Amino acid sequence: MIQNIHLTRRWPNAVESDLESLGKVVRNESDEPLSREELRHALQTAEIVCPTVTDQFDAELLLGDQVKTRLLANFGVGFNHIDIEAAKHAGISVTNTPGVLTDATAEIALNLLLSSARRTAEGERHVRAGAWVGWRPTHMLSTQVTGKTMGIVGAGRIGIAFARKVHHGLGMKILYTSRSEMPESVALELSATRLDLNDLLSQSDFVSLHCPATPETRHLINAETLGQMQGHAHLINTARGDVVDEEALLDALQNQVIAGAGLDVYEQEPVLVPGLDTLDNVVLLPHMGSGTVETREAMGQCALRNVQAFLAGELLPNKVV
Ligand code: DGY
């Protein structure tokens with residue numbers, strides 16, 4: 001039987017073509033986010049729906065009438081936009097795409113670290129605005145990164161990949177806080193020390209977030225925890241927007257509670273808390289951590305393998321639930 005596979009957004013061409021060999025693919029030609037009613041319709045008409053981070057699948061939708069979908073093959077590793085308990089209850093399997101975006105996301109965290117500390121985004125704006133009048137010893141001074149202390153919140157795949165880049169590449173001392181310990185060999189390789197969040201925040205020159213978005217990590221970084229960071233510290237977030245209370249961060253940046261921040265993710269994407277985009281001490285990127293050609297194709301292929309396994313009645317390679 002030909003199955004309907006509903007893609008909520010456009011995927012790289014090569015992967016869309018490969019998916020077409022598996023069933024009847026319904027594409028979203030406009031590539032606009034689907035409305036709630038369109039998501040409901042997808043659930044009622046397609047056995048397999050392939051969502052992304054822009055699709056909110058909550059309990060009301062997943063447990064709604066006439067839901068036909070049996071697999072949500074997510075294009076992405078994060079799945080906080082899907083109510084996993086409700087999916088389980090509705091008998092819908094959920095898969096994700098771990099592993100393939102680790103280095104791409106760690107690269108963007110590295111980019112944010114360097115651009116926040118070294119003021120490169122601000123410097124670029126300065127040149128483009130025609131404001132640069134030439135070199136001088138006191139112009140646009142910034143903070144050196146090499147040899148400083150990096151605090152990593154969440155030592156999963158991406159946190160570890162990022163720690164490797166900054167430890168081996170920039171000689172940074174690694175502190176981390178995480179639900180579980182790093183494998184011993186990795187902790188040794190990185191000379192990493194595990195601390196609780198408060199100690200990590202007060203001892204780090206830079207803090208980079210790599211934890212998943214869960215009820216426990218929501219607003220983990222808030223007015224109080226920002227206050228525990230050092231005044232010269234910078235915060236990097238490539239994880240999920242709601243790990244940070246964005247209003248509190250705005251306030252901390254405006255009042256120099258911390259020196260700077262580099263963000264790839266936001267609480268209400270694509271809307272920013274008003275005022276954030278007027279500050280020079282924050283670098284703002286449009287959720288592009290996994291956005292390389294290689295990685296997006298690999299994410300598509302990974303989702304495709306989950307679809308293939310589902311259709312063949314095999315074990316799902318990246319089953320979340
Ligand atoms: C991911 O894979 O989680 C990326 O942030 C895109 O959703």
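Listing for the model above:
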{"item": "Förster-model FRET efficiency, 22 Å R0, Asp280 and Leu170, C-beta, rounded to 0.05", "result": "0.40"}
{"item": "In Å, descending, principal axis extents of the Cα set of the chain", "result": "71, 49, 34"}
{"item": "DSSP-loop chymotrypsin sites (Phe, Trp or Tyr not before Pro) across the range 121-223, with at most 13 other Cβ within 10 angstrom", "result": "Trp132, Trp135"}
{"item": "Partner aspartates and glutamates for Lys319 [C-alpha distance under 14 Å; skip if fewer than 8 residues away on the same chain]", "result": "Glu85"}
{"item": "Check: the chain dipole with +1 on Lys, Arg Cβ and -1 on Asp, Glu Cβ, in debye", "result": "780"}
{"item": "Residues with amide H under 5 Å from that of Met172, placed H, sequence gap 5 or more", "result": "Gly147, His167"}
{"item": "Förster-model FRET efficiency, 35 Å R0, Glu216 and Gln44, C-beta, rounded to 0.05", "result": "0.60"}
{"item": "Relative exposure of Leu188, Leu304, judged by other C-beta atoms within 10 Å (fewest first)", "result": "Leu188, Leu304"}
{"item": "Estimated vicinal HN-Hα couplings, Hz - the range 277-288 in sequence order (Karplus 6.51, -1.76, 1.60; Gly, Pro = x)", "result": "7, 9, 8, 7, 8, 9, 9, 10, 10, x, 6, 10"}
{"item": "Efficiency of FRET between Gln144 and Glu124 - r from beta-carbon atoms, R0 25 angstrom, step 0.05", "result": "0.85"}
{"item": "Highest-first arrangement of 240-248, 278-286, where packing means the average Cβ count within 10 Å", "result": "240-248, 278-286"}
{"item": "Proximal lysines relative to Lys148, as straight alpha-carbon distance under 21 Å, when same-chain residues fewer than 8 apart are discounted", "result": "Lys165, Lys173"}
{"item": "The range 102-284: antiparallel DSSP beta bridges as a percent of all, rounded to 5", "result": "5"}
{"item": "Cα-Cα P(r), the range 3-71, percent of pairs per 10 Å interval", "result": "21, 56, 21, 1"}
{"item": "Whichever lysines have a C-alpha closer than 16 Å to that of Lys68, once near sequence neighbours (fewer than 8 apart) are set aside", "result": "Lys24, Lys88"}
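Read the figures in this text as sums done on the coordinates, not as results from a lab. Bear in mind that the values here come from a model prediction, so they are computed numbers and not experimental data. Because the Cβ atoms are built from the backbone with ideal geometry, glycine has one as well, and the counts that use them run over all protein chains shown.
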